[in-house]
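Chemist: Before we start, here is the structure in question, set down as structure tokens.
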Amino acid sequence: MYDRSRLPDKIYNIHYKQDIHYAMQLCRWILKPIGIWHLTYDRSSRRDKLLSFVLIFVCFSGLCFVLVPAGPYILFREKDVNIKVKLFGPVGFCLTAAIKYCFLGARVSAIGRCVKHLESDWRAVQHQDHRRMMLRNSLVGRRLTTLCVIFLYTGGMSYHAIMPLSSRTRTNGSFTSRPLVYPGYDLYVDSQASPAYETIFCMHCLSAIIQYSCTTAACSLAASFATHACGQVQILMTLLDDLVDGERTKGTVEKRLSLIVRHHVRVLRFTADVEEVLREICLMELVAATLIICLLEYYCMMEWANSDAVAILTYFILLISLTFNILIFCYIGELLVEEYSKIGSAAYEINWYDLPGHRAVDLVMIITMSHYPPKLTAGKFVELSLNTFSAVSFINNYCYCSISTLVPLFYSFLVI
């Protein structure tokens, strides 16, 4: 079978460089600082790959700077249940960000295949209306990525930078305690003395940037690749509309039908590669965000009782950010299924009865395949759709009620 994943012998789109830059610009901006982007390219220079490995080492060091002291502190040293619960959220998010980072590194070859596939599609586009379809879908992906970046970085940096600075210091006699987001450094250094406090504070901010970069990287990849697939499906439907008349695609009906089938198979392969890149990341995002959202709801109610307006606003922004992040993944999965399902209707609504001979029978396979659209899944356990998002919202409300009930009971049990 002819493999259309290869670069075309002839470049039809003279604006392909600008179009590829437009489609992948935000992904490149996010993936480069965490060292993933250059590893996806076979044609990256040795210097770029070396720089990527250095950045990966720095990013993992930043994540470990939080996890190594804070993890044992929460599990073994801290005895106050309320403080334990308050620390589970940020430390758990850091841990899941590290795991997502590992999955991104493990999937660099699959990400590279998707990027090459996308570039090949931009080179091969021949008609201006097809190019406009792809640009319109790329704009949707850019907007989703931009919203994710704004929400996550606003809430995350507020929690790591503004909240510690705005919190009142606790004074015990002549000793003044300055708050840190993550505890556990007192075993190694005097974390309250200068410049140790300032150094730890800056490292926490750097670690936060790395954490939210890992999360937004997954979101940007999902948005860019899925919207590109939607654009290719829309192009496929225009090819189906032209099957009978052949006003724009020259050649016989057999050649036009062959082009449609190859294009359909190519889009299906691309979607399979996207699902391979995202399946574990989506599973981590779905599970971790669901649990952390429940904790954030609990934190908001606790800070409401303390009348801390800055903390309430910060937790609320984080709550919206993580909820919106899950919504993006579920919306992308729903969008793909919806677009693929339209292929069957498009194939039936053409003037198939005007096709010569029994050529209309060849459309049956396309219509049949549209009944089984490819789906994005969370680890092949859960399909990403708006129904999944509704189920997650219900679980969040249920878990929040459970947390707000069980924590006081557990605390009372320990006191007794």
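Chemist: Residue farthest toward the positive end of the dipole of the chain, with Cβ of Lys/Arg at +1 and Asp/Glu at -1: which of Val54, Ala208, Leu286?
Modeler: Looking along the dipole axis, the top candidate is Val54.
Chemist: Put a dot 7 Å past each Cα toward the Cβ at Tyr22 and Leu313; how far apart are the dots in nm?
Modeler: 3.7 nm
Chemist: Sort the following peptides by mean Cβ neighbour count (other Cβ atoms within 10 Å, averaged over residues), highest first: 292-304, 45-57. Before the final figure, lay out each step's value.
Modeler: Values: 292-304: 20.2, 45-57: 13.3.
Those peptides, ordered most packed to least, come out 292-304, 45-57.
Chemist: Out of the total accessible area of the chain (probe 1.4 Å, heavy atoms of protein only), what percent is carbon and sulfur? Walk me through the intermediate numbers first.
Modeler: On the way: 13200 of 20580 Å².
Solvent-exposed carbon and sulfur of the chain make up 64 percent of the total.
Chemist: May I ask you to derive the FRET efficiency for Asp42 and Arg143 from their Cβ-Cβ distance with R0 = 30 Å, giving the value to the nearest 0.05? Write down the numbers at each step before the final one.
Modeler: Working: r = 30 Å, r/R0 = 1.02.
Result of the calculation: an efficiency of 0.50.
Chemist: Moving on to the next point. For every other residue with a beta carbon closer than 12 angstrom to the beta carbon of Cys214, add +1 if it is Lys or Arg and -1 if Asp or Glu, then tell me the sum. If you can, show how the numbers build up before the last one.
Modeler: Working: positive: Lys100; negative: Glu285.
In short, 0.
Chemist: Mind sorting out which of (1) 94, 50, 30; (2) 57, 45, 42; (3) 87, 61, 43 is the real Cα extents along the principal axes in Å computed from the coordinates?
Modeler: Computed from these coordinates, Cα extents along the principal axes in Å corresponds to label (1).
Chemist: Oh, and also: Can you pull the accessible area of Tyr348 for me, 1.4 Å probe, Å² to the nearest 10?
Modeler: In the full protein context, Tyr348 sits at about 150 Å².
Chemist: Suppose the Debye formula is applied to equal point scatterers at every Cα of region 225-344; what is log10 I(q)/I(0) at q = 0.12, 0.17, 0.20 Å⁻¹?
Modeler: With one equal scatterer per Cα and no solvent, log10 I(q)/I(0) is -0.62, -0.87, -1.03.
Chemist: Another question about this same structure. Taking the solvent-accessible surface of protein heavy atoms with a 1.4 Å probe, what is the per residue accessible area of the chain in Å²? Write down the numbers at each step before the final one.
Modeler: Details: 20580 Å² over 416 residues.
Heavy-atom SASA per residue in the chain reads 49 Å².
Chemist: Shifting gears a bit: Over region 1-160, calculate the relative contact order: mean separation of alpha carbon pairs under 8 Å at least 6 apart, over the residue count, as a percent. Please list the in-between numbers first.
Modeler: Numbers: 87 pairs, mean separation 63.2, N = 160.
Here the relative contact order equals 39 percent.
Chemist: Using only the alpha carbons of region 102-224, what is the convex hull's orientation-averaged projected area in square nanometres?
Modeler: Numbers: hull surface 41.9 nm².
With every direction weighted equally, the projected area is 10.5 nm².
Chemist: Give the span of region 1-146's Cα atoms along each principal axis, as three whole-Å numbers ordered largest to smallest.
Modeler: Principal extents (Cα only, largest first): 67, 34, 30 Å.
The values are calculated or read from the model by the stated rules, or taken from the named source; none is laboratory data. Please read all numbers here as calculations on a predicted model, not as lab measurements. As a convention, Cβ positions derive from the backbone with ideal geometry for all residues, glycine included, and neighbour counts pool all protein chains shown. Protein only, heavy atoms only, side chains kept; ligands, DNA and RNA dropped before computing areas. Shrake-Rupley method; radii C 1.70, N 1.55, O 1.52, S 1.80 Å.
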